[in-house]
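Novice: Supplied in C-alpha coordinates, the structure appears directly below.
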Amino acid sequence: MEKKVNTNYYSPLRYPGGKNCIFSFVSKLFYENNFIGCSYAEPYAGGAGLALRLLFEGYVNHVYINDLDRSIYSFWLTILNRPEEFCEWISEVEITMKNWHKYKEFQKTAYELDEFELAKSTFFLNRTNVSGVIKGGVIGGQNQTGKYKIDARFNKQDLIERIKRIAELRDRITLTCMDGLTFINKMNRINEEVFIYLDPPYYQKGADLYMNFYSNSDHQKLSRQVLKMKKKWMVSYDNHDFILNLYAQERKILYKLSQAASNRVGDEIIVFSKEINFTESVKALKSPVILNQI
Ligand SMILES: C[S@@+](CC[C@H](N)C(=O)[O-])C[C@H]1O[C@@H](n2cnc3c(N)ncnc32)[C@H](O)[C@@H]1O
(Lines give C-alpha, C1' and ligand atoms only; values in the text may rest on other atoms or scores of the structure.)
Protein backbone atom coordinates (compact mmCIF):
# COMPACT_ATOMS: atom_id res chain seq x y z
CA MET A 1 0.00 0.00 0.00
CA GLU A 2 1.32 3.50 -0.89
CA LYS A 3 2.14 5.78 2.02
CA LYS A 4 0.20 9.00 2.60
CA VAL A 5 1.55 11.94 0.61
CA ASN A 6 2.67 15.01 2.59
CA THR A 7 1.74 18.01 0.45
CA ASN A 8 4.10 20.36 2.31
CA TYR A 9 7.03 18.68 0.60
CA TYR A 10 7.55 19.77 -2.96
CA SER A 11 11.15 18.68 -3.44
CA PRO A 12 11.82 15.09 -4.51
CA LEU A 13 15.17 15.26 -2.69
CA ARG A 14 15.76 14.60 0.99
CA TYR A 15 18.39 17.05 2.10
CA PRO A 16 20.74 17.26 5.07
CA GLY A 17 20.14 20.70 6.55
CA GLY A 18 17.11 21.19 4.27
CA LYS A 19 15.31 24.43 5.09
CA ASN A 20 11.70 23.58 4.24
CA CYS A 21 11.27 23.61 8.04
CA ILE A 22 11.69 27.41 8.25
CA PHE A 23 8.96 28.00 5.64
CA SER A 24 6.55 29.36 8.23
CA PHE A 25 9.11 31.98 9.31
CA VAL A 26 10.16 32.90 5.74
CA SER A 27 6.58 33.22 4.49
CA LYS A 28 5.80 35.61 7.36
CA LEU A 29 9.01 37.50 6.64
CA PHE A 30 7.77 37.98 3.08
CA TYR A 31 4.56 39.58 4.37
CA GLU A 32 6.41 41.71 6.90
CA ASN A 33 8.68 43.13 4.20
CA ASN A 34 6.31 43.26 1.21
CA PHE A 35 8.36 40.73 -0.71
CA ILE A 36 5.32 38.84 -2.04
CA GLY A 37 5.59 38.41 -5.80
CA CYS A 38 9.31 39.20 -6.04
CA SER A 39 11.97 36.82 -7.33
CA TYR A 40 13.92 34.59 -5.01
CA ALA A 41 17.44 33.21 -5.33
CA GLU A 42 19.36 30.49 -3.53
CA PRO A 43 23.09 30.25 -4.33
CA TYR A 44 23.36 27.00 -2.26
CA ALA A 45 20.04 25.45 -3.20
CA GLY A 46 20.62 21.74 -2.46
CA GLY A 47 17.18 20.12 -2.16
CA ALA A 48 15.49 23.51 -2.83
CA GLY A 49 12.56 22.55 -0.59
CA LEU A 50 12.01 26.11 0.64
CA ALA A 51 12.39 27.69 -2.81
CA LEU A 52 9.84 25.30 -4.32
CA ARG A 53 7.36 25.79 -1.54
CA LEU A 54 7.56 29.59 -1.87
CA LEU A 55 6.96 29.20 -5.61
CA PHE A 56 4.15 26.65 -5.39
CA GLU A 57 2.33 28.54 -2.66
CA GLY A 58 2.46 31.84 -4.57
CA TYR A 59 4.92 33.83 -2.43
CA VAL A 60 7.40 34.35 -5.28
CA ASN A 61 7.06 34.58 -9.05
CA HIS A 62 10.38 33.15 -10.07
CA VAL A 63 13.12 31.15 -8.36
CA TYR A 64 16.80 31.06 -9.26
CA ILE A 65 18.38 27.91 -7.89
CA ASN A 66 22.10 27.25 -8.00
CA ASP A 67 24.33 24.50 -6.65
CA LEU A 68 27.94 23.77 -7.51
CA ASP A 69 27.57 20.04 -6.92
CA ARG A 70 27.28 18.50 -10.38
CA SER A 71 25.35 15.52 -9.00
CA ILE A 72 22.67 17.77 -7.55
CA TYR A 73 22.65 20.06 -10.57
CA SER A 74 22.24 17.11 -12.98
CA PHE A 75 19.22 15.94 -11.03
CA TRP A 76 17.47 19.33 -11.30
CA LEU A 77 18.48 19.74 -14.93
CA THR A 78 17.06 16.33 -15.80
CA ILE A 79 13.72 16.73 -14.07
CA LEU A 80 13.22 20.17 -15.61
CA ASN A 81 14.13 19.05 -19.14
CA ARG A 82 13.40 15.34 -19.35
CA PRO A 83 10.74 14.69 -16.69
CA GLU A 84 8.81 12.04 -18.62
CA GLU A 85 11.84 9.85 -19.27
CA PHE A 86 13.06 10.27 -15.72
CA CYS A 87 9.68 9.32 -14.24
CA GLU A 88 9.57 6.28 -16.50
CA TRP A 89 12.95 5.22 -15.10
CA ILE A 90 11.66 5.73 -11.53
CA SER A 91 8.64 3.54 -12.14
CA GLU A 92 10.85 0.77 -13.51
CA VAL A 93 13.99 0.83 -11.36
CA GLU A 94 14.33 -1.92 -8.76
CA ILE A 95 15.22 -0.69 -5.31
CA THR A 96 17.84 -3.32 -4.54
CA MET A 97 21.34 -3.44 -3.06
CA LYS A 98 22.62 -4.47 -6.49
CA ASN A 99 21.41 -1.19 -7.95
CA TRP A 100 22.65 0.70 -4.89
CA HIS A 101 26.20 -0.54 -5.60
CA LYS A 102 25.83 0.29 -9.26
CA TYR A 103 24.68 3.86 -8.61
CA LYS A 104 27.27 4.35 -5.87
CA GLU A 105 29.96 3.62 -8.48
CA PHE A 106 28.50 6.24 -10.82
CA GLN A 107 29.29 9.00 -8.30
CA LYS A 108 33.00 8.26 -8.63
CA THR A 109 32.92 9.67 -12.14
CA ALA A 110 30.45 12.46 -11.41
CA TYR A 111 32.53 15.02 -13.31
CA GLU A 112 32.39 13.21 -16.62
CA LEU A 113 29.23 11.13 -16.48
CA ASP A 114 26.29 11.92 -18.76
CA GLU A 115 23.85 14.18 -16.87
CA PHE A 116 20.87 11.84 -17.15
CA GLU A 117 22.85 8.90 -15.72
CA LEU A 118 24.26 11.08 -12.96
CA ALA A 119 20.75 12.30 -12.12
CA LYS A 120 19.57 8.70 -11.72
CA SER A 121 22.49 7.88 -9.44
CA THR A 122 22.01 11.02 -7.31
CA PHE A 123 18.30 10.44 -6.92
CA PHE A 124 18.67 6.72 -6.17
CA LEU A 125 21.29 7.34 -3.45
CA ASN A 126 19.44 10.35 -2.05
CA ARG A 127 16.30 8.26 -1.55
CA THR A 128 18.03 5.11 -0.28
CA ASN A 129 20.79 6.52 1.97
CA VAL A 130 20.44 7.48 5.61
CA SER A 131 19.22 11.10 5.79
CA GLY A 132 19.71 11.46 2.02
CA VAL A 133 23.49 11.92 2.37
CA ILE A 134 24.90 10.97 -1.07
CA LYS A 135 28.24 9.87 0.32
CA GLY A 136 26.63 8.16 3.34
CA GLY A 137 25.43 4.62 4.08
CA VAL A 138 22.31 2.81 2.90
CA ILE A 139 19.13 2.66 5.02
CA GLY A 140 19.02 -0.75 6.74
CA GLY A 141 22.78 -1.32 6.36
CA GLN A 142 24.75 -3.34 3.82
CA ASN A 143 23.14 -6.60 5.00
CA GLN A 144 19.68 -5.01 5.18
CA THR A 145 19.22 -6.15 8.78
CA GLY A 146 18.04 -2.75 10.09
CA LYS A 147 14.47 -1.94 11.10
CA TYR A 148 13.99 0.16 7.94
CA LYS A 149 15.05 -1.22 4.55
CA ILE A 150 16.53 0.33 1.44
CA ASP A 151 13.12 1.23 -0.04
CA ALA A 152 11.72 2.92 3.10
CA ARG A 153 11.93 6.40 1.55
CA PHE A 154 11.23 5.45 -2.07
CA ASN A 155 7.53 6.08 -2.53
CA LYS A 156 7.55 5.99 -6.34
CA GLN A 157 4.10 7.37 -6.95
CA ASP A 158 4.55 10.38 -4.67
CA LEU A 159 8.01 11.15 -6.08
CA ILE A 160 6.80 10.96 -9.68
CA GLU A 161 3.96 13.35 -8.85
CA ARG A 162 6.37 15.83 -7.26
CA ILE A 163 8.63 15.74 -10.33
CA LYS A 164 5.75 16.26 -12.73
CA ARG A 165 4.46 19.20 -10.70
CA ILE A 166 7.89 20.86 -10.74
CA ALA A 167 8.31 20.30 -14.49
CA GLU A 168 5.01 22.11 -15.08
CA LEU A 169 6.53 25.24 -13.51
CA ARG A 170 9.84 24.99 -15.33
CA ASP A 171 9.45 28.42 -16.97
CA ARG A 172 9.54 29.97 -13.53
CA ILE A 173 12.66 28.13 -12.38
CA THR A 174 16.16 29.15 -13.51
CA LEU A 175 18.83 26.59 -12.72
CA THR A 176 22.61 27.11 -12.68
CA CYS A 177 25.72 25.26 -11.55
CA MET A 178 28.18 27.96 -10.48
CA ASP A 179 30.29 28.77 -7.52
CA GLY A 180 28.11 30.54 -4.94
CA LEU A 181 30.20 33.74 -5.13
CA THR A 182 29.91 34.00 -8.90
CA PHE A 183 26.19 33.43 -8.60
CA ILE A 184 25.61 36.16 -6.02
CA ASN A 185 27.62 38.64 -8.09
CA LYS A 186 25.35 37.87 -11.00
CA MET A 187 22.18 38.16 -8.88
CA ASN A 188 23.39 41.42 -7.41
CA ARG A 189 23.45 42.94 -10.88
CA ILE A 190 20.13 41.56 -12.12
CA ASN A 191 17.55 44.18 -12.97
CA GLU A 192 14.62 42.92 -10.89
CA GLU A 193 13.64 42.76 -7.25
CA VAL A 194 15.21 39.60 -5.92
CA PHE A 195 15.56 38.35 -2.37
CA ILE A 196 18.68 36.23 -1.86
CA TYR A 197 18.72 33.48 0.74
CA LEU A 198 22.14 31.97 1.34
CA ASP A 199 22.43 28.65 3.12
CA PRO A 200 26.13 27.77 2.65
CA PRO A 201 27.66 24.45 3.72
CA TYR A 202 27.59 24.18 7.51
CA TYR A 203 30.63 25.53 9.31
CA GLN A 204 31.12 22.43 11.45
CA LYS A 205 29.60 19.49 9.62
CA GLY A 206 29.83 20.60 5.98
CA ALA A 207 32.58 18.16 5.02
CA ASP A 208 30.58 15.13 6.24
CA LEU A 209 27.38 16.11 4.51
CA TYR A 210 28.10 17.59 1.11
CA MET A 211 30.34 16.84 -1.84
CA ASN A 212 31.48 20.48 -1.86
CA PHE A 213 32.25 22.17 1.44
CA TYR A 214 33.88 25.38 2.69
CA SER A 215 37.14 26.18 4.49
CA ASN A 216 37.46 29.09 6.94
CA SER A 217 38.78 31.33 4.19
CA ASP A 218 35.84 30.40 1.91
CA HIS A 219 33.38 31.42 4.67
CA GLN A 220 35.37 34.62 5.08
CA LYS A 221 35.36 35.45 1.36
CA LEU A 222 31.64 34.79 1.20
CA SER A 223 30.90 37.13 4.12
CA ARG A 224 32.91 39.96 2.52
CA GLN A 225 30.93 39.56 -0.68
CA VAL A 226 27.56 39.29 1.07
CA LEU A 227 28.18 42.40 3.16
CA LYS A 228 28.74 44.37 -0.05
CA MET A 229 25.53 43.22 -1.74
CA LYS A 230 22.94 45.77 -2.80
CA LYS A 231 20.02 43.32 -2.90
CA LYS A 232 18.20 42.21 0.24
CA TRP A 233 19.57 39.01 1.70
CA MET A 234 19.58 36.59 4.60
CA VAL A 235 22.24 33.99 5.51
CA SER A 236 21.80 30.93 7.73
CA TYR A 237 24.48 28.90 9.49
CA ASP A 238 25.12 26.54 12.34
CA ASN A 239 25.88 28.65 15.41
CA HIS A 240 29.61 29.16 15.82
CA ASP A 241 31.77 32.06 17.07
CA PHE A 242 33.78 32.09 13.87
CA ILE A 243 30.65 32.79 11.83
CA LEU A 244 29.20 35.24 14.39
CA ASN A 245 32.42 37.26 14.08
CA LEU A 246 32.22 37.33 10.29
CA TYR A 247 28.85 39.05 10.58
CA ALA A 248 29.64 40.98 13.76
CA GLN A 249 27.86 44.20 12.78
CA GLU A 250 24.69 42.61 11.39
CA ARG A 251 21.43 41.76 13.14
CA LYS A 252 20.97 38.05 13.81
CA ILE A 253 18.56 35.53 15.26
CA LEU A 254 19.58 32.42 17.13
CA TYR A 255 16.98 29.63 17.00
CA LYS A 256 16.54 25.87 17.24
CA LEU A 257 16.30 23.76 14.10
CA SER A 258 15.51 20.09 13.97
CA GLN A 259 18.26 18.63 11.77
CA ALA A 260 17.34 15.51 9.87
CA ALA A 261 20.98 14.70 9.14
CA SER A 262 21.78 14.16 12.79
CA ASN A 263 18.32 13.72 14.26
CA ARG A 264 19.05 16.31 16.88
CA VAL A 265 17.95 19.83 17.54
CA GLY A 266 20.77 22.29 17.05
CA ASP A 267 21.28 26.00 17.36
CA GLU A 268 21.31 27.87 14.09
CA ILE A 269 21.68 31.51 13.24
CA ILE A 270 20.15 33.70 10.58
CA VAL A 271 21.83 36.99 9.66
CA PHE A 272 19.90 39.76 7.88
CA SER A 273 20.75 42.62 5.57
CA LYS A 274 20.12 46.07 6.97
CA GLU A 275 16.64 46.91 5.66
CA ILE A 276 14.89 43.68 6.64
CA ASN A 277 12.26 43.69 9.38
CA PHE A 278 11.73 40.47 11.32
CA THR A 279 10.11 41.54 14.61
CA GLU A 280 6.83 39.69 13.89
CA SER A 281 8.01 36.81 11.73
CA VAL A 282 10.69 35.75 14.22
CA LYS A 283 7.90 34.39 16.43
CA ALA A 284 7.44 31.54 13.94
CA LEU A 285 10.89 30.15 14.81
CA LYS A 286 11.56 27.78 17.69
CA SER A 287 13.03 29.50 20.79
CA PRO A 288 14.26 32.58 18.89
CA VAL A 289 16.76 34.94 20.51
CA ILE A 290 17.61 38.21 18.80
CA LEU A 291 21.34 38.76 19.09
CA ASN A 292 22.72 42.24 19.47
CA GLN A 293 25.52 43.37 17.26
CA ILE A 294 28.85 42.32 18.70
C1 LIG B 1 23.41 23.67 3.65
S2 LIG B 1 23.31 22.95 2.02
C3 LIG B 1 21.93 23.80 1.39
C4 LIG B 1 20.63 23.14 1.74
C5 LIG B 1 19.43 23.84 1.11
N6 LIG B 1 19.21 25.14 1.68
C7 LIG B 1 18.17 23.00 1.28
O8 LIG B 1 17.21 23.46 1.91
O9 LIG B 1 18.16 21.86 0.79
C10 LIG B 1 24.66 23.67 1.18
C11 LIG B 1 24.73 23.38 -0.31
O12 LIG B 1 25.81 24.15 -0.87
C13 LIG B 1 26.36 23.43 -1.95
N14 LIG B 1 27.70 23.99 -2.20
C15 LIG B 1 28.86 23.72 -1.58
N16 LIG B 1 29.86 24.51 -2.02
C17 LIG B 1 29.31 25.34 -2.95
C18 LIG B 1 29.81 26.41 -3.73
N19 LIG B 1 31.08 26.79 -3.67
N20 LIG B 1 28.96 27.06 -4.55
C21 LIG B 1 27.64 26.69 -4.63
N22 LIG B 1 27.12 25.67 -3.92
C23 LIG B 1 27.93 25.00 -3.08
C24 LIG B 1 26.35 21.99 -1.49
O25 LIG B 1 26.37 21.12 -2.61
C26 LIG B 1 25.02 21.94 -0.72
O27 LIG B 1 23.99 21.50 -1.56
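Novice: Of everything in region 56-87, what is among the polar types (S, T, N, Q) and buried (at least 22 other Cβ atoms within 10 Å of the Cβ)? Give them in sequence order.
Specialist: Of everything in region 56-87, those that are among the polar types (S, T, N, Q) and buried (at least 22 other Cβ atoms within 10 Å of the Cβ) turn out to be N66, S71, S74, T78.
Novice: Filter the helices (runs of 4 or more DSSP H) completely within region 68-143 down to those with at least 2 residues that are more than 15 Å from Y15 (Cβ to Cβ) and among the hydroxyl-bearing types (S, T, Y).
Specialist: Fully inside region 68-143 and qualifying: 70-81.
Novice: Applying the selection to region 149-193, what residues are within 17 Å of the chain's Cα centre (by Cα), in a helix (DSSP H, G or I) and β-branched (V, I, T)?
Specialist: I163, I166, I184
Novice: Every residue in region 54-96 that is more than 15 Å from the ligand (Cβ to nearest atom) and within 29 Å of N143 (Cα to Cα), please.
Specialist: Correct list: F86, C87, E88, W89, I90, S91, E92, V93, E94, I95, T96.
Novice: Could you identify the single residue in R251, R224 that is among the basic types (K, R), surrounded by fewer than 16 Cβ atoms within 10 Å (Cβ to Cβ) and either within 12 Å of the ligand (Cβ to nearest atom) or within 26 Å of I290 (Cβ to Cβ) (or both)?
Specialist: Selected residue: R224, the only one of R251, R224 that is among the basic types (K, R), surrounded by fewer than 16 Cβ atoms within 10 Å (Cβ to Cβ) and either within 12 Å of the ligand (Cβ to nearest atom) or within 26 Å of I290 (Cβ to Cβ) (or both).
Novice: Turning to a different aspect of this structure: Checking the conditions here, which among R170, R153 is away from the ligand (no atom under 15 Å from the Cβ), touching a residue at least 60 places away in the same chain (Cβ under 8 Å), over 19 Å from G18 (Cα atoms) and of a type outside the set (D, E)?
Specialist: Step by step, each of R170, R153 is checked, and only R170 is away from the ligand (no atom under 15 Å from the Cβ), touching a residue at least 60 places away in the same chain (Cβ under 8 Å), over 19 Å from G18 (Cα atoms) and of a type outside the set (D, E).
Novice: Return the total of residues in region 9-38 being closer than 21 Å to V282 by Cα and either in contact with a helix residue (DSSP H, G or I) (Cβ under 7 Å, 6 or more places away or on another chain) or not in a loop (DSSP other than H, G, I, E, B) (or both).
Specialist: 17
Novice: Oh, and also: Would region 122-133 turn up any residue that is within 16 Å of the ligand (Cβ to nearest atom), β-branched (V, I, T), farther than 26 Å from M234 by Cβ and surrounded by 21 or more Cβ atoms within 10 Å (Cβ to Cβ)?
Specialist: Looking through region 122-133, at least one residue is within 16 Å of the ligand (Cβ to nearest atom), β-branched (V, I, T), farther than 26 Å from M234 by Cβ and surrounded by 21 or more Cβ atoms within 10 Å (Cβ to Cβ).
Novice: Counting residues that are of a type in the set (A, V, I, L, M, F, W, C) and at pLDDT 95 or above, which strands (runs of 3 or more DSSP E) fully inside region 220-294 reach at least 3?
Specialist: By residue number, 232-238, 264-272.
The values are calculated or read from the model by the stated rules, or taken from the named source; none is laboratory data. Small disclaimer: the values here were computed from a predicted structure and weren't measured. With ideal geometry, Cβ positions are generated from the backbone for all residues, glycine too; neighbour counts draw on all protein chains shown.
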